[in-house]
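Notes for the one structure printed next.
The values are calculated or read from the model by the stated rules, or taken from the named source; none is laboratory data. All figures in this text were calculated on a predicted structure; none of them were measured in a lab. So basically every Cβ, Gly included, is an ideal-geometry build from the backbone, and we count neighbours across all protein chains shown. We work out accessible area using only protein heavy atoms, side chains counted, and drop any ligands, DNA or RNA first. Shrake-Rupley method; radii C 1.70, N 1.55, O 1.52, S 1.80 Å.
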Amino acid sequence: MRPLGGTILLALWALVLTAQVSYEDLLSAEANPENWMTYSGTYKSRHYSGLRQITRENIGDLELKWVFHAGTEGKLQATPLVVDAIMYLTEGNNNVIALDAKTGRRFWTYVHTLPKRVNTVARTNRGAALLDDRVFTGTLDGRLLALDAKTGNVLWSRQVCDNTKGYTLTMAPLAVKDKIIVGTAGGEYGIRGYLDAYDAKSGEQAWRFYTIPGPGEPGHETWENDAWKTGGGSAWVTGSFDPDLNLVYWGIGNPSPDWNGDVRPGDNLYTGSVVALDVDTGKLKWHFQFTPHDVWDWDAVQIPVLVDREFRGRPRKLMLWGNRNAFFYVLDRETGEFLLGKPFAKQTWAKGLDENGRPIKLPGTEPTKEGVKVYPAAQGATNWYAPSYSPRTGLFYLSVWADYWGMFYTGEPIFTAGNRYDGSLVERIYPNHMAEKDAGYGAIRAIDPETGERKWEFKMRGVSESGLLTTAGDVLFSGSIEGNFMALDAETGKLLWRKNLGARTDNSPITYLVDGKQYVSVKAGLALYTFGLRE
């Protein structure tokens with residue numbers, strides 16, 4: 001598990017890299033858009049950049065500058081990080097690579113050795129975190145690693161979870177203050193999920209928050225029998241942070257078993273929820289559950305987008321959320337108060353939301369032995385891929401699987417540690433079912449947070465698993481499973497530019513500055529493509 005690279009190159013690299021990513025740098029990331037220092041760009045998770053060199057007017061001059069080809073094992077879903085012209089990228093097999101962000105030249109590679117069997121739904125890793133002179137990443141076999149940013153050498157390694165029981169780490173950690181926060185994946189394996197914080201210097205555990213509360217803990221009353229012991233509640237996408245409130249916000253995944261709720265009566269907190277935790281202690285400040293007693297696998301791992309703006313005549317600290325269950329939500333992030341909820345895609349499972357934001361479920365929509373047809377499908381109306389918010393347009397953007405339905409069935413759930421605990425199978429209607437009249441379509445939609453109304457839609461032939469990026473140049477970047485990387489007008493949704501990269505995009509584009517020139521990087525297949533303006 002040592003880094004690969006020539007001795008001379010590593011020595012030169014160690015001399016070149018003198019800058020560090022301090023906590024103060026992370027706090028001021030919004031004012032320094034030349035770097036992309038966290039998974040979502042900033043703690044607010046807007047996937048927005050203040051760079052404006054690439055605009056609607058000159059987007060036609062965008063051309064490919066370099067390509068990096070990753071290894072062949074696992075998916076390449078990581079969002080790269082860029083600091084001072086150095087890019088850090090993780091591969092699906094948990095290798096970590098440092099690249100020259102201007103040319104794509106490799107500086108070093110940390111190689112991780114995985115066991116022969118890995119219990120996971122997908123071999124993937126979504127990225128790293130940076131703090132001081134260290135790179136932090138989680139692994140499929142349940143370890144959190146701290147690497148030397150100059151060399152890739154391992155500084156410490158901690159076992160966070162037991163992969164033989166279905167736990168794994170796929171998210172990009174979040175660095176806050178002196179802590180590294182990471183959550184467990186594995187909701188399909190009957191785990192009891194949790195979020196951990198570790199000291200960045202020593203690797204010692206600072207706190208643990210169980211996403212499935214045990215006896216005596218608030219929320220345990222929402223479980224019956226011993227179902228909480230295998231309740232799921234994974235946390236597999238990176239959260240957000242408000243330094244003024246000292247709160248981290250995290251989306252929590254599905255209950256387990258996924259499609260048979262008979263063995264787990266109750267609301268099943270904190271699955272399908274967002275939790276607000278004190279970053280120093282891990283104590284719960286508030287929660288909001290989007291889908292109580294979820295039986296459709298609509299886990300709430302979407303990214304909390306933090307926005308300070310006027311809402312209905314008064315300034316508010318808001319959280320914007322496009323949920324997998326097809327509803328768009330606006331919450332007060334100080335208190336968790338529900339402010340607005342409205343469907344952004346076709347749904348047939350709820351009559352609507354009550355005054356507290358709780359769904360009013362329609363009868364006849366829960367899974368049955370014979371199967372029941374429900375909108376949206378298990379894939380959801382959106383999923384883990386990053387939304388975006390532009391302070392210039394005031395609009396919230398997300399990738400949508402519009403009008404896709406699925407057949408949901410119940411089955412006999414049998415739990416054995418380390419094996420899938422789904423409770424059934426589900427027929428998912430995917431883009432290869434386009435012959436179906438009502439198979440749906442993919443789109444990027446812009447939503448007005450004040451009303452929840454759609455402002456525009458960009459319709460695609462297929463669908464998208466790509467995150468979104470907006471910029472101060474009023475450009476929105478995204479991709480599609482058909483291999484298209486595209487730029488839209490953030491105000492109108494008009495297509496400005498498109499390039500086919502030959503493979504699906506299922507990470508989030510980023511943008512950064514090197515030597516005064518703006519670049520945009522996006523993954524397609526097992527390669528990372530970087531574009532810049534023609535000189």
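What the table below lists for this structure:
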| quantity | calculated |
| --- | --- |
| THR137 being in contact with an Asp or Glu (Cβ under 8 Å, 6 or more places away or on another chain) and surrounded by 24 or more Cβ atoms within 10 Å (Cβ to Cβ) | no |
| Subset of region 258-275 (residues that are among the β-branched types (Val, Ile, Thr) and open to solvent by 10 Å² or more (accessible area, probe 1.4 Å)) | VAL263 |
| Region 77-105: number of residues that are within 12 Å of LEU528 (Cβ to Cβ) and of a type in the set (D, E, K, R) | 1 |
| Selection within region 84-97 - touching a Ser or Thr at 6+ places or on another chain (Cβ under 8 Å) and in a strand (DSSP E or B) | MET87, THR90, VAL96, ILE97 |
| Test: residue in region 100-109 that is over 24 Å from THR471 (Cα atoms) and open to solvent by 30 Å² or more (accessible area, probe 1.4 Å) | yes |
| Residue in region 210-233 that is most open to solvent (accessible area, probe 1.4 Å), counting only those that are of a type in the set (Phe, Trp, Tyr) and either outside any helix (DSSP H, G or I) or over 22 Å from VAL160 (Cβ atoms) (or both) | TYR210 |
| Failed criterion for ARG333 (all others in (1) of a type outside the set (Val, Ile, Thr); (2) open to solvent by 10 Å² or more (accessible area, probe 1.4 Å); (3) closer than 24 Å to GLY219 by Cα hold) | (2) |
| Strands (runs of 3 or more DSSP E) contained entirely in region 257-355, each with at least 1 residues that are within 23 Å of the chain's Cα centre (by Cα) | 273-278, 284-289, 305-311, 314-322, 327-332, 338-343 |
| Flag for ARG312 being among the basic types (Lys, Arg) and surrounded by 24 or more Cβ atoms within 10 Å (Cβ to Cβ) | no |
| 1 or more residues polar (S, T, N, Q): qualifying strands (runs of 3 or more DSSP E) within region 112-176 | 134-138, 154-159 |
| Given (1) surrounded by fewer than 18 Cβ atoms within 10 Å (Cβ to Cβ); (2) of a type in the set (S, T, N, Q); (3) more than 17 Å from ASP258 (Cβ to Cβ), number of the condition THR368 does not satisfy | (3) |
| Residues being without any contact (Cβ under 8 Å) to a residue 60 or more places away in the chain, open to solvent by less than 50 Å² (accessible area, probe 1.4 Å) and out of contact with any Leu (no Cβ under 7 Å at 6 or more places or on another chain) - total across region 349-365 | 3 |
| Every pair of residues 6+ apart whose Cβ atoms lie under 7 Å, when the first sits in region 313-334 and is within 26 Å of VAL295 (Cβ to Cβ) while the second is open to solvent by less than 10 Å² (accessible area, probe 1.4 Å) and of a type in the set (Asp, Glu) | ARG324/ASP299 |
| Region 60-83, residues that are surrounded by fewer than 18 Cβ atoms within 10 Å (Cβ to Cβ), in contact with a strand residue (DSSP E or B) (Cβ under 9 Å, 6 or more places away or on another chain) and not in a strand (DSSP E or B) | GLY60, ASP61 |
| Residues satisfying the stated conditions in region 177-198, i.e. in a loop (DSSP other than H, G, I, E, B), open to solvent by less than 10 Å² (accessible area, probe 1.4 Å) and under 27 Å from VAL21 (Cα atoms) | THR184 |
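Yes/no per residue for (1) over 17 Å from TYR88 (Cα atoms); (2) in contact with a Phe, Trp or Tyr (Cβ under 7 Å, 6 or more places away or on another chain); (3) modelled with pLDDT under 95:
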| position | (1), (2), (3) |
| --- | --- |
| SER478 | yes, no, no |
| GLY483 | yes, no, yes |
| MET486 | yes, yes, no |
| ASP489 | yes, no, no |
| LEU496 | yes, no, no |
| LEU501 | yes, yes, no |
| THR505 | yes, yes, yes |
| VAL520 | no, yes, no |
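Per-residue answers, yes or no, for (1) touching a Ser or Thr at 6+ places or on another chain (Cβ under 7 Å); (2) at negative phi:
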| residue | (1), (2) |
| --- | --- |
| ASP162 | no, yes |
| ALA175 | no, yes |
| GLY193 | yes, yes |
| ASP196 | no, yes |
| SER202 | no, yes |
| TRP207 | yes, yes |
| GLY214 | no, yes |
| GLY232 | yes, no |
